[in-house]
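Okay, so here's the structure we're looking at.
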Amino acid sequence: MKCLKEKLYKKIEQHRPRTKRLAKEYGDVVVDQVKAGQIIGGMRGIKCLISDISYLDPYEGIRYRGYTLPEVFKLLPKPEGAEMPYVEGLYYLLLTGDIPSKEQVEALIMDMNNRRIIPKYVWDVIDSFPSESHPMAILSAAVMSLERESLFNVKYRQGISKMDYWDPTYEDATNLLAKMPLIGAYIYNKLYNPEGGHRYPDPTLDLGANFAYMMGKDKPYDDVSRMYFIIHADHEAGNVSAHTGHLIASSLSDVYYAVSGMINGLAGPLHGLANQEVLRWLQGLMEKFGDNVPGEEELKKYVWDTLNSGQVIPGYGHAVLRKTDPRYMVQREFCLTHLPDDPIFKYVDALYKVVPDILKEQGKAKNPWPNVDAQSGVVQWHYGVREFDFYTVLFSIGRAIGVLSNIIWDRALGYPIERPKSITTDMLEEMVGIRKEEPEHA
Ligand code: HAX
């Protein structure tokens with residue numbers, strides 16, 4: 001794909017002196033300090049990673065290359081008659097920082113369509129899994145199995161210069177991105193639609209429309225897919241999935257290892273799996289009350305019961321955000337337009353009115369507002385994807401766009417292997433001034 005790759009190379013050449021200058025001339029400037037609470041608290045808030053792909057402001061939410069989500073949805077080119085933009089356009093934006101023209105996106109779509117062929121052994125790997133396996137485990141293994149296709153590894157063994165690492169990484173990343181929707185749809189059909197559900201991709205379609213086609217879903221599921229993959233693409237660099245991908249790739253493991261690891265990190269209920277947990281939690285509520293949303297008091301009781309049993313409210317809270325997640329709002333607006341009477345949407349909306357106040361009253365969660373996962377299952381459910389174990393696979397396809405873009409830039413800017421320092425509890429106690437007690441047996 002000459003056009004995007006050439007543009008990317010120009011951007012890389014422009015950016016390299018900035019990174020070099022920071023490292024050489026400003027390496028000793030202090031930009032943050034680390035508190036003991038951050039060391040035992042999951043490194044929360046420590047400024048120690050760099051990513052130009054996206055930035056997450058606690059009150060404003062995510063910006064991709066400086067653009068808010070509403071701006072991204074407005075500015076990126078769309079297929080004829082579609083409500084949502086091309087996913088491929090987002091990949092272009094994340095890689096270059098520029099909003100592409102429709103022609104540029106169409107050229108990229110054609111290029112990605114040529115990268116969709118999947119070796120038979122990948123289907124065999126997927127087929128070899130028992131049908132009770134979690135789709136995230138299957139996805140991770142399928143991506144891992146593709147590792148033998150890595151061009152980066154071939155070039156590395158041939159002695160490629162460090163300055164050129166980004167090039168085969170771009171090839172690997174774009175190949176993987178083109179293939180992931182096929183793998184995801186194949187997993188869905190294997191697990192939930194085994195009687196003839198599998199469809200080969202249609203080379204005339206863009207990524208979102210092709211995914212809908214392979215899932216066997218009619219319009220507007222193509223727009224749902226585009227929206228879903230775009231909002232999940234990146235959330236700056238410190239979240240578990242993005243950080244895992246970056247960390248693995250920092251040892252020069254190829255993108256297949258990195259994205260498989262990213263998928264494994266996303267599969268935790270505090271992160272990507274929260275979207276399936278939201279549906280599971282909602283079902284408990286709906287089993288009790290059916291399609292008629294109960295009154296506030298009954299909802300409040302259900303929320304308090306969950307909290308009092310020691311569980312978290314899935315889909316609420318965030319490590320960085322301190323307001324309602326704009327990714328939640330994008331989906332809420334879609335629901336208000338397309339499925340205002342959907343019973344689950346009504347539940348989700350009713351909960352939005354009671355959960356934040358309850359979390360505030362409980363006084364533990366730093367952010368009482370809903371995150372992306374509180375809404376995303378609702379949309380999928382409405383359009384017939386009701387096997388909620390599958391939802392995080394959709395998240396993974398979206399998240400791969402950001403993680404892969406970041407890895408290409410990591411290689412282009414020559415970021416080193418990641419290696420923070422750990423200390424022992426004894427050391428930390430000493431650093432904060434805790435005096436050692438006499439051992440009991442002394
Ligand atoms: N329900 C109940 N309690 C919550 C809560 C929620 N939704 N969110 C936070 N808390 C609790 C924490 O468990 C913690 O309790 P303890 O002090 O007893 O350990 C306390 O409030 C302080 O936590 P915090 O600082 O506000 O939140 P963290 O940065 O530690 O964690 C999480 C952020 C997203 C993991 C957290 O808010 C949570 O568990 N939310 C529910 C699960 C969820 O929706 N995850 C998806 C997040 C978005 C995402 O990554 N998507 O992929």
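The values are calculated or read from the model by the stated rules, or taken from the named source; none is laboratory data. Small disclaimer: the values here were computed from a predicted structure and weren't measured. As a convention, Cβ positions derive from the backbone with ideal geometry for all residues, glycine included, and neighbour counts pool all protein chains shown. The area values use the complete protein model at the heavy-atom level, side chains included, leaving out ligands, DNA and RNA. Shrake-Rupley method; radii C 1.70, N 1.55, O 1.52, S 1.80 Å.
The condition of being aliphatic (A, V, I, L, M) and over 19 Å from L394 (Cα atoms) holds for only one of L182, L139, L176, L151, that being L151. Only helices (runs of 4 or more DSSP H) whose full extent lies in region 100-195 are considered here, and the ones with at least 3 residues that are more than 21 Å from the chain's Cα centre (by Cα) are 102-113, 120-127, 151-157, 166-192.
Would you check which residues across region 362-390 are touching a Phe, Trp or Tyr at 6+ places or on another chain (Cβ under 9 Å) and farther than 30 Å from S131 by Cβ and list them? Those that are touching a Phe, Trp or Tyr at 6+ places or on another chain (Cβ under 9 Å) and farther than 30 Å from S131 by Cβ: Q362, A365, N367, P368, W369, P370, N371. Of all the numbered requirements in (1) modelled with pLDDT under 95; (2) closer than 17 Å to M227 by Cα, S131 misses one, and that requirement is (2).
Summed over region 222-245, the residues that are away from the ligand (no atom under 16 Å from the Cβ) and surrounded by fewer than 23 Cβ atoms within 10 Å (Cβ to Cβ) give a count of 1. Residues that are outside any helix (DSSP H, G or I) and crowded, with 24+ Cβ neighbours inside 10 Å within region 86-99 comprise just one, Y86.
Of all the numbered requirements in (1) closer than 30 Å to Y316 by Cα; (2) in a helix (DSSP H, G or I), V385 misses one, and that requirement is (2). Only helices (runs of 4 or more DSSP H) whose full extent lies in region 1-85 are considered here, and the ones with at least 3 residues that are out of contact with any Lys or Arg (no Cβ under 6 Å at 6 or more places or on another chain) and over 30 Å from V105 (Cβ atoms) are 2-25, 36-40.
Scanning region 246-267 for residues that are among the small types (G, A, S) and part of a helix (DSSP H, G or I), we see that the one that is nearest to the ligand (Cβ to nearest atom) is G265. For region 212-238, the set of residues classified as more than 16 Å from the chain's Cα centre (by Cα) and within 15 Å of G89 (Cβ to Cβ) consists of D222, D223, listed by residue number.
I'd like to know if region 303-323 contains one or more residues that are more than 12 Å from the ligand (Cβ to nearest atom) and of a type in the set (S, T, Y). Checked against the condition, which is being more than 12 Å from the ligand (Cβ to nearest atom) and of a type in the set (S, T, Y), region 303-323 yields no hits at all.
Cβ-Cβ under 8 Å, sequence separation 6+ or interchain: first residue in region 406-426 and under 16 Å from G245 (Cβ atoms) and in a helix (DSSP H, G or I), partner open to solvent by less than 80 Å² (accessible area, probe 1.4 Å) and among the basic types (K, R). Which pairs? Hits for this filter: A412/R16. Listed by first and then second residue, the pairs linking a residue in region 344-372 that is part of a loop (DSSP other than H, G, I, E, B) to a residue that is away from the ligand (no atom under 13 Å from the Cβ), with Cβ atoms under 6 Å apart and 6 or more places separating them unless they lie on different chains, are W369/K323. Checking L428, L394 one by one, the residue that is closer than 30 Å to V278 by Cβ, open to solvent by less than 90 Å² (accessible area, probe 1.4 Å) and modelled with pLDDT of 95 or more is L394 and no other. Restricting region 6-36 to residues that are open to solvent by 100 Å² or more (accessible area, probe 1.4 Å) and among the β-branched types (V, I, T), which is farthest from S405 (Cα to Cα)? Among them, the one singled out is V30. Is it the case, given these coordinates, that L351 is farther than 20 Å from V378 by Cα and within 13 Å of the ligand (Cβ to nearest atom)? Answer is no for this residue.
Mind checking whether some residue in region 136-153 is among the hydroxyl-bearing types (S, T, Y), out of contact with any Phe, Trp or Tyr (no Cβ under 8 Å at 6 or more places or on another chain) and open to solvent by 20 Å² or more (accessible area, probe 1.4 Å)? No, region 136-153 contains no residue that is among the hydroxyl-bearing types (S, T, Y), out of contact with any Phe, Trp or Tyr (no Cβ under 8 Å at 6 or more places or on another chain) and open to solvent by 20 Å² or more (accessible area, probe 1.4 Å).
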